[in-house]
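The values are calculated or read from the model by the stated rules, or taken from the named source; none is laboratory data. The structure displayed is predicted, hence computed values, not measured ones. With ideal geometry, Cβ positions are generated from the backbone for all residues, glycine too; neighbour counts draw on all protein chains shown.
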């Protein structure tokens, strides 16, 4: 009885004491890894998001209110991402959360956003499980099965190869997922995986894996990793006399790839969300503004962060009262939204349906090859 | 290796593959050896696992990164080239080597300074304190460099400038039996051996070396004998750190990616290698490093490379259980 | 614990140490569990829960590092074993027997059962890791335990049954304030009792002078292995609580940086002081969150830089930590004595 009285009084108190005050800005939360071993991904994404928010504020914000971005660093740790999400929602009273790059951290954030009924958009978590947590969880990137299929098709139809070697990053769920779906699609199409080798992100020496791959004589090597390792892998592969094309996914998209890998990356292809050299005005303005703001060329993660923010802003503008519920519904009804990384539609599983592009790496430039629509 | 179309062909191809693994392993072992040499020296004199050694190695790589960017942006390499040959654009590889050596020297000096400061500020005040306190401090210094490095340099990986762009790998044989050897890795390998020989000379044939051995054997007694122990320890630290700096630059040249967290894993692995060879013993450190490099290369080639990170620790545990003094180490009995 | 001793520590039977007090504390934890969410922001509530898990980790590590003097750096490994075992059990139960897990009573039963199994699994691993400590000491033991922790992590990374790098996700959030603080109290109680028993004096004698202890006929081997196993048991339970709090785990969560975090807590609190570990665990967990706003001013996250500096300065200025080897109750009783 005592307990019940206590809890009732507690609820009463919580209801009576006003904790949220009316504010002049619209608060948007962002969780990212600003330090730690995956900081480079978090910082790119953050800059993309920040740019989108700044541009919108320059245009007068949303419904006459300025947007305020509150960023929380999770140091690359899922539990920090979780408590950061709680902080953003309960302390800062954000009405939406953007993040995270890595699926492992998005999976820790999603239950909290779902429980508090605050919409969350992940810019680039590709693990299909993330959006299955609940109906408030979205993503603006394509998921592993689609990208795996795109690359398998590219290998079989454009490059016309039958024997592929896979070199996957065993520490990254992104790389594992992409490898598995690529493998399934490629084998289904009549191809053969001659060898499936592994490395761990953070490694710098891949000679032994590459020597073993070389002995199996593949026609193409599929390396679904991040640019942080792929540059080194390409360099070492060429120095071991491996001349076959290298193939990868959106994790490759960064100028760092060429800075590290150099000429070794010629004759390589990867699938991406967009092509930086796309002449569409939205892409060109984004690239120009980003370069002006951060003195760096935007990479794939920056573009995805930018788009996640754009989708959120567009959804906010569609609502009447800016309640989280309305924003959720508006995000869910996103259809053919023109973003930097193509036309985004959110499907009934809250995943983005959007085209992928195949790019060729040539002397530091990413040349556009073809577009694949889902 | 001869070419052959007979059934033996396959065997020869496998043989070539095996030899390639040996080459890969030795070159990887060379990078571990460079780090392990400094590690083993510091351990030898203080009986301290200097966790920060891997971070000094990282700082060395960054020192090299900024120096070489400075050199390239001011075209100092052209001037070095001109000084050497009297004319520019002649024998660029030779000038690249000179530039490379200059960068290594700069990094060594910077790291020696860092090593001196770390020893002076963090370790010396703890002389006489329980060894566990020293160990905890070392962990603290290591974490401090990792995180302040991220603030200072940014946490994105940096591409180390390619000084030896025109250097093509040497090849032996052809087709299936071809072997590739990278000149830079031969350089790393040779440097590791050379530094080991120099260190051996310093330790066994100089006054400083004799003092170092005395301090290592018994700190208090050495002090009673009139050996300035603090100065000897500082000198050892600076030498060890300079070696780590050299290792950082050389590894960054062969694997052109530098980042603030690059030191912790290689540092731990190099320590394992040093224990394997016999801690405190410079020959042992190099030997252990090559064994570890070979083991990793063979595991990656014939087994599962994903267990590579565990291999060094597994070796460490086994060696400590069955021969704690390592392959070349001398067993010291503990006295009451 | 088997009572192989006859002399009772006077601390055990008097005042603060009575069983009644501990049971009241457990009851209070559950009352707070029901009451606090209403009056407290769930952010602060979550911080308290994290602090509780950290207390379990710090106190159990203190048993090994502080009281027994065996410097272990592999606590994250034991935690991961516990986390994986308990998460695997509950997710499998949920998949095979969904009705049973809907019932809050039976699901709680499965949860606690999984925690105990997690603790036992970690104990077995702790026993294995403890074995080398029979032959190694000091720095060597430290790096070997660190190595064991990494090996455990790499094994999980390569085990497809627990998801490899993807880890386990969709773990039900059974952990609540009540469970965490029940286990905090159990941990503190158990470690307190052990330390103040004859077993505890064995551990202390190993810490103070192992050779002298052996000469006095103390079975140091047994003492060390027991300390490792018991420390691992509670680390395993903390891992299980952690997994069911976060709802997703992967091998990267349990790398050696996690062990370092716990070590910092133990060292700051004082190696050999249970109260010290509790205070340091709470302080550091809260401080980490309190320092978050700092990021708004500096633009960069300075927290780990501050932590590492504090660790170094602590070693230089006050190496025995905040509490040294004394407990809060020592201060209380000395005050009492002073009054009388």
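Some points to look at:
- Comparison of C:64, C:81 shows that the only residue that is assigned to a helix (DSSP H, G or I), within 15 Å of the chain's Cα centre (by Cα) and within 14 Å of chain B (Cβ to nearest Cβ) is C:64.
- Any hit, region C:270-285, residues being more than 9 Å from every other protein chain (Cβ to nearest Cβ), assigned to a loop (DSSP other than H, G, I, E, B) and either surrounded by fewer than 22 Cβ atoms within 10 Å (Cβ to Cβ) or over 20 Å from the mean Cα position of the chain (by Cα) (or both): no
- Subset of region A:154-180 that is within 13 Å of chain C (Cβ to nearest Cβ) and assigned to a helix (DSSP H, G or I) - its residue that is surrounded by the fewest Cβ atoms within 10 Å (Cβ to Cβ): A:180
- Exclusive hit being within 24 Å of residue A:144 (Cβ to Cβ) and crowded, with 20+ Cβ neighbours inside 10 Å, set A:235, A:256: A:256
- Screening residue B:160 on (1) within 19 Å of the chain's Cα centre (by Cα); (2) more than 11 Å from every other protein chain (Cβ to nearest Cβ) shows it passes everything except condition (2).
- Subset of region C:287-309 (residues that are within 8 Å of another protein chain (Cβ to nearest Cβ) and either farther than 22 Å from residue C:48 by Cα or part of a loop (DSSP other than H, G, I, E, B) (or both)): C:292, C:300, C:301, C:302, C:305, C:308, C:309
- All told, residue B:68 falls short of being surrounded by fewer than 24 Cβ atoms within 10 Å (Cβ to Cβ) and more than 19 Å from residue B:141 (Cα to Cα).
- Out of A:257, A:210, A:232, sole residue that is at pLDDT below 90, within 26 Å of residue B:252 (Cα to Cα) and within 13 Å of chain B (Cβ to nearest Cβ): A:257
- Residue that is nearest to the other protein chains (Cβ to nearest Cβ) [pool: residues in region B:1-59 that are assigned to a loop (DSSP other than H, G, I, E, B) and modelled with pLDDT of 80 or more]: B:49
- So residue A:206, is it over 27 Å from residue B:22 (Cβ atoms), crowded, with 24+ Cβ neighbours inside 10 Å and touching a strand residue (DSSP E or B) at 6+ places or on another chain (Cβ under 8 Å): no
- Residues of region B:117-138 that are surrounded by 18 or more Cβ atoms within 10 Å (Cβ to Cβ), at the interface with chain C (Cβ under 7 Å from one of its Cβ atoms) and at pLDDT 90 or above: B:122, B:137.
- Filter result for residue C:51 (at pLDDT 85 or above, in a helix (DSSP H, G or I) and more than 30 Å from residue A:72 (Cα to Cα)): no
- One residue alone among B:227, B:232 is farther than 30 Å from residue B:19 by Cβ, free of Cβ contacts under 8 Å to residues at least 60 places away in the same chain and more than 16 Å from the chain's Cα centre (by Cα), and that residue is B:227.
- Single residue of region B:251-307 satisfying the filter (in contact with a strand residue (DSSP E or B) (Cβ under 8 Å, 6 or more places away or on another chain) and outside any helix (DSSP H, G or I)) that is farthest from the other protein chains (Cβ to nearest Cβ): B:258
- Candidate set: region A:315-346, residues that are free of Cβ contacts under 8 Å to residues at least 12 places away in the same chain and within 28 Å of residue A:277 (Cα to Cα); chosen: the one surrounded by the most Cβ atoms within 10 Å (Cβ to Cβ): A:345
- Hits in region C:293-315 - residues which are surrounded by fewer than 22 Cβ atoms within 10 Å (Cβ to Cβ) and touching a strand residue (DSSP E or B) at 6+ places or on another chain (Cβ under 7 Å): C:295
- Subset tally (residues that are closer than 26 Å to residue C:131 by Cα and either more than 9 Å from chain A (Cβ to nearest Cβ) or at pLDDT below 90 (or both)) for region C:220-251: 21
- Some residue of region A:164-171 being at pLDDT below 90, closer than 26 Å to residue A:41 by Cβ and out of contact with any strand residue (DSSP E or B) (no Cβ under 9 Å at 6 or more places or on another chain): no
- Unique residue being closer than 19 Å to residue B:36 by Cα, within 14 Å of chain C (Cβ to nearest Cβ) and either within 22 Å of the chain's Cα centre (by Cα) or surrounded by 23 or more Cβ atoms within 10 Å (Cβ to Cβ) (or both) when the list is B:315, B:327: B:315
- On the stretch given as region C:153-168, residues that are part of a helix (DSSP H, G or I) and either surrounded by fewer than 23 Cβ atoms within 10 Å (Cβ to Cβ) or modelled with pLDDT of 90 or more (or both) total 10.
- When residue C:158 is tested against (1) at the interface with chain B (Cβ under 10 Å from one of its Cβ atoms); (2) out of contact with any helix residue (DSSP H, G or I) (no Cβ under 6 Å at 6 or more places or on another chain); (3) free of Cβ contacts under 8 Å to residues at least 12 places away in the same chain, just one condition goes unmet, and that condition is (2).
- Exactly one residue out of C:72, C:114, C:107 is assigned to a helix (DSSP H, G or I), crowded, with 23+ Cβ neighbours inside 10 Å and out of contact with any strand residue (DSSP E or B) (no Cβ under 7 Å at 6 or more places or on another chain), and it is C:114.
- Of residues in region A:252-286 being in contact with a strand residue (DSSP E or B) (Cβ under 8 Å, 6 or more places away or on another chain) and in a helix (DSSP H, G or I), the one farthest from residue B:158 (Cα to Cα): A:282
- Only residues that are crowded, with 24+ Cβ neighbours inside 10 Å, more than 8 Å from the chain's Cα centre (by Cα) and touching a residue at least 40 places away in the same chain (Cβ under 8 Å) were counted in region A:121-135, giving 2.
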